[in-house]
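Below: one structure, written as structure tokens.
The values are calculated or read from the model by the stated rules, or taken from the named source; none is laboratory data. None of the values given here were measured: they were computed from a predicted structure. Neighbour counts run over all protein chains shown; Cβ positions are idealised from the backbone, glycine included.
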Amino acid sequence: MVKAGDIVRVKVMNVDLDRSRIGLSMRLADEPVIQAAPAKATKKP
């Protein structure tokens, strides 16, 4: 468990500029995490 004052290494997972928040992870895998963008529905006439 991490306590106030502990020094830890984290990885930035996401940034939410609208809400002024960042998502962090203490899991430091060497390979990058790729998040899929939500699919947009397209209609053809």
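Couple of notes before you dig in:
- Only one of the numbered conditions (1) in a loop (DSSP other than H, G, I, E, B); (2) at pLDDT 90 or above is violated by Asn14, and that is (1).
Residues are listed down the side, and each one gets a yes or a no for (1) exposed (fewer than 10 other Cβ atoms within 10 Å of the Cβ); (2) in a loop (DSSP other than H, G, I, E, B); (3) at pLDDT 90 or above:
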site: Met1; (1), (2), (3): yes, yes, no
site: Ala4; (1), (2), (3): yes, yes, yes
site: Gly23; (1), (2), (3): no, no, yes
site: Asp30; (1), (2), (3): yes, yes, no
site: Gln35; (1), (2), (3): yes, yes, no
site: Pro38; (1), (2), (3): yes, yes, no
site: Lys43; (1), (2), (3): yes, yes, no
